[in-house]
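Here's the structure we're looking at; comments come further down.
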Amino acid sequence: MLHAVVMAGGSGTRFWPKSRRDRPKQLLRLHGDATMLQQTVARINPLVPLERVLIITGADQAEAVRAQLPDLPASNVVSEPCPRDTAPCVGLAAKIVAHKDPAGTMIVMPADHVIQPAATFLKTVRAAVSVIDADPSVFLTFGVKPTRPETGYGYIERGADKGRWSVVDNFVEKPDLATAKRYVESGRYLWNSGMFVCTPRTFLEELERHANRIFSACVRALDEAGSDEDFTRLGSAFLDCPSDSIDYAVMEKTKKAAVVPLDAGWSDVGSWSALYDVLEKDADGNVARGDVVLERCKDSYVLSTGRLVAAIGLEGFVVIETADVVAVLPQREAQSIKTVVDRLKRAGRAEVREIVPSAAQRRVDR
């Protein structure tokens, strides 16, 4: 059977000030009428019922995750006592899925991506599962067919063609523009989506082989959980787990990596400018949300969660208004918002942790 593992533990720093530590990006409605997490679960639901959906999140976000997915079994939300990046996250999930269904297959997905249309995604998942059914040793990742020379994504270089999939020759870090153009023109490279399909056994074998300290910490943390069926409270051994990503810990080292192409509209929505790219725009290229008045503005994203925001003569800007913060920045500087958040953290500012509306503004931003 197919199980879905959703990684939902990020802090969403790049979507500050709308995103805070207690309400990260995946728990927000940024694209469409549902939150990013809700959309991710709904997208896979035609293939995976809720009882086989496992959410890995932070201890301070577990309650909010359960509130957003009330029909999901409460025990299917596993909270990490501390963030340790994606390799330990998936290590925990693989151990749990293997315990529940030793012969199962799992699809691993971040909770905060936009994929359209959903039907194309599901078709690709079915194809990936059929590959794993034929050869359970394959570690199959999804590579998105590039539509432009993007410098903000990692790339996957395809090797030998196996029909529905290809051997992975190389994982490449985010390139400069000239290199990205060369990658796209070659036709051999795909964007690294961060999604993959494999058996829990294959992932655990590769994690143990290439990142043994992470593997051991995950095993001990689950052993200390004290229940064969409820792993929602992890043991303290997880605190000793090294922090590392799936790519660095496993994907770039394994000899079993393969890639299946995903020919769909995809974005990891990694910044305000990336969100702007996937939203519908008016005739002037603007996206306006909330109580917003624009005059002679072009190619800008302006969001109000309460107060009237009037913008004049902006081109290529992002303006975000919340109850306690107003952020204004050029779209080309969208990634730099993390620098501001880091400065505020060092200063101990409450604005990076939670939104506290003023007495005159008690609007609940859902």
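Here are a few things to note about the model shown:
- Per the listing Val328, Val319, Val341, Val352, the residue uniquely surrounded by 16 or more Cβ atoms within 10 Å (Cβ to Cβ) and farther than 26 Å from Asp60 by Cα is Val319.
- Considering Ala34, Ala62, Ala67, the condition of being among the aliphatic types (A, V, I, L, M), out of contact with any Cys (no Cβ under 6 Å at 6 or more places or on another chain) and within 30 Å of Lys281 (Cβ to Cβ) is satisfied by Ala34 alone.
- Residues satisfying the criterion are absent from the range 10-19 (criterion: farther than 24 Å from Ile320 by Cβ, hydroxyl-bearing (Ser, Thr, Tyr) and buried (at least 21 other Cβ atoms within 10 Å of the Cβ)).
- Single unsatisfied condition, Gln61 versus (1) touching a Pro at 6+ places or on another chain (Cβ under 9 Å); (2) of a type outside the set (A, V, I, L, M, F, W, C); (3) touching a residue at least 60 places away in the same chain (Cβ under 8 Å): (3)
- Single condition Asp161 does not satisfy, out of (1) of a type outside the set (Val, Ile, Thr); (2) at pLDDT 95 or above; (3) more than 25 Å from the chain's Cα centre (by Cα): (2)
- Pairs with Cβ under 8 Å, 6+ apart, first in the range 33-46 and farther than 12 Å from Phe121 by Cα and in contact (Cβ under 8 Å) with a residue 12 or more places away in the chain, second among the polar types (S, T, N, Q) and part of a helix (DSSP H, G or I): Thr35/Gln26; Thr35/Gln68; Met36/Gln26; Leu37/Gln26; Leu37/Gln68; Gln38/Gln68
Here is a yes/no grid of residues against (1) more than 27 Å from the chain's Cα centre (by Cα); (2) at pLDDT below 95; (3) outside any loop (DSSP other than H, G, I, E, B):
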{"residue": "Gly285", "(1), (2), (3)": "no, no, no"}
{"residue": "Ala310", "(1), (2), (3)": "yes, no, yes"}
{"residue": "Val318", "(1), (2), (3)": "no, no, yes"}
{"residue": "Leu329", "(1), (2), (3)": "no, no, yes"}
{"residue": "Arg332", "(1), (2), (3)": "no, yes, yes"}
{"residue": "Gln335", "(1), (2), (3)": "no, yes, yes"}
{"residue": "Glu354", "(1), (2), (3)": "no, yes, no"}
{"residue": "Pro357", "(1), (2), (3)": "yes, yes, no"}
{"residue": "Arg363", "(1), (2), (3)": "yes, yes, no"}
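- Taken together, Thr120, Thr124, Thr179, Thr141 contain a single residue that is modelled with pLDDT of 95 or more, of a type in the set (Ser, Thr, Tyr) and touching a helix residue (DSSP H, G or I) at 6+ places or on another chain (Cβ under 8 Å), which is Thr141.
The values are calculated or read from the model by the stated rules, or taken from the named source; none is laboratory data. No experiment lies behind these values; they were computed from the predicted model shown. Positions of Cβ are backbone-derived with ideal geometry, glycine not excepted, and every protein chain shown enters the neighbour counts.
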